[in-house]
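Here's the structure we're looking at; comments come further down.
What follows draws every value from the coordinates through simple rules; no lab data is involved. Given the structure is predicted, the values throughout are model-derived calculations rather than measurements. Note: ideal-geometry Cβ built from the backbone for every residue, glycine included; neighbour counts use all protein chains shown.
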Amino acid sequence: MDFLTAVMEPFRWLVSAIMVAFHDFLAGAGMSAASGWTWTLSIIGLVLVIRAALIPVFLAQVRAQRRMQRLQPDLKELQDRYRGRTDQASRQAMAQEQMALYRKHGTNPFSACVPLLIQAPFFLALFQVLSGISGAARQGAGIGIMRPDQVEQFDSSSIFGAPLSASLLHGSGDVTAVAVLAVAMILVMTACQFLTQRLVAARTMAGQDSDSPLVRQQKVLLYVLPLVFGAGGIFFPIGVLVYWTVSNLWTLGQQFLAAERPVRA
């Protein structure tokens, strides 16, 4: 077992455990255990559990963004003071004063990325679990906490004719159904990411100089993040696209609520 596999094993176990728990509950409530919709709702349940657990992180993120907004006048004054000074000593002094400003306001330029970074191991674990379904099914093996029969069920399940374990580049079953569903979800999750970033930008850039570092950072994120999600989506199995689409819808809703009901910094 290599290092990455060893590190990711607990996350794969946890992701599969949450999915199986929701799956067994839904099956006990009368849904078909082999239905693609039962497994899809299990993935949505996984999203709800992870995102609910991240609510405190989201609130901290919003507060950090507002603190970042308040330090912009001091940051601009610092940059004006060092403008045109390119020697090593000046660059080092400016960097130290910037860090002092971030510490004073209790924030940093990367605070907006924290929820994404925390989600990353769970997302990668889900990708590894769903991507390995077909291989495990052929070998009669389980994945994480999923038993071999559950792996087989998932591998043969589909929604709208598209297998949950298929991706746009590695389609199986009805290739047209996979392509249509994958493209539709990629467009939805990309649009959600763009709208979310616009809400964040509108909140953090209000009243800011158009040439400030925060404004430039938000303009870059506004277009780069949706492109990253859109390009990455062609590699994701349908099940992973379900996860990321629902997760992005959740994020958009959170940002809308934060805009309507400001969080106290």
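Could you calculate the contour length gain from residue 33 to residue 170, that is, 0.36 nm times the residue separation minus the distance between their Cα atoms, to one decimal place in nm? Could you put the intermediate results ahead of the total?
On the way: separation 137, 0.36 × 137 = 49.32 nm, distance 2.50 nm.
Net length gain for the segment: 46.8 nm.
Using the count of nearby Cβ atoms within 10 Å as a rough guide to exposure, how do 76, 104 rank from fewest to most?
Numbers: 76 16, 104 11.
Ordered by Cβ neighbours within 10 Å, fewest first: 104, 76.
Give the peptides 24-30, 245-251, 125-131 in descending order of average Cβ contacts within 10 Å, highest first.
Values: 24-30: 12.3, 245-251: 21.4, 125-131: 23.3.
Ranked by mean Cβ neighbours within 10 Å, highest first: 125-131, 245-251, 24-30.
Arranged from highest to lowest average of other beta-carbon atoms within 10 Å per residue, in what order do the peptides 43-49, 228-234 appear?
Numbers: 43-49: 19.3, 228-234: 15.6.
Result, highest mean Cβ count within 10 Å first: 43-49, 228-234.
Short version: what are the Cα gyration tensor semi-axes of segment 3-260, square root of 5 times each eigenvalue, largest first, in whole Å? Provide the component values of the computation, followed by the final result.
Numbers: eigenvalues 355, 66, 58 Å².
Sorted largest first and rounded, they come to 42, 18, 17 Å.
Sorting check: for 7-13, 96-102, which peptide has the highest mean count of neighbouring beta carbons within 10 Å, and how do the rest follow? Each step should come with its number before you reach the end.
Details: 7-13: 16.3, 96-102: 14.3.
The most tightly packed comes first, giving 7-13, 96-102.
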